[in-house]
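Have a look at the structure below, then the notes.
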Amino acid sequence: MLLKPSRLQGQESNTDWQQTAKTPYFILKTKKNNKKTTITRVVVSMAVNKSAAKRNFWKRQARERLRAKKNEGNDFLLILSPRVGSLTKKQFNEQLLAAIEKVKK
């Protein structure tokens, strides 16, 4: 579990996001913050998979990729689509890294 300072709070998640990258598998939204930490929120609905273990697998993969990019001063919201279940781990990582690069520009 993420530490409290690293989590988006309820009202913060509803604010306007500055940049968005859409793919058939997920939507990645980002905005700048005035902190030196990266705040990440990953949303995986039961439509992705009924098994909590599978949903948590996708959350772990997403968090690890976002954490590895060292995007200090940014908040991320990643919403996974049910189509993400058709991807392999490698394909998901490639798609997510491409989306991160797209929103950085």
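The values are calculated or read from the model by the stated rules, or taken from the named source; none is laboratory data. This is a predicted model, so every value here is computed, not measured. A quick note on method: Cβ atoms are made from the backbone with ideal geometry, for glycine too, and the neighbour counts reach across all protein chains shown.
Below, the figures for the structure above:
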quantity	calculated
Close pairs from the range 45-62: first within 16 Å of L96 (Cβ to Cβ), partner of a type in the set (D, E, K, R), Cβ under 7 Å, at least 6 apart	V48/R55; Q61/K89
Of the criteria (1) farther than 21 Å from K22 by Cβ; (2) at pLDDT 90 or above; (3) β-branched (V, I, T), which one T37 fails	(2)
Every residue from the range 58-85 that is modelled with pLDDT under 85, hydrophobic (A, V, I, L, M, F, W, C) and surrounded by fewer than 18 Cβ atoms within 10 Å (Cβ to Cβ)	A68
The range 35-49, subset of a type in the set (V, I, T) and touching a strand residue (DSSP E or B) at 6+ places or on another chain (Cβ under 9 Å), residue surrounded by the fewest Cβ atoms within 10 Å (Cβ to Cβ)	V43
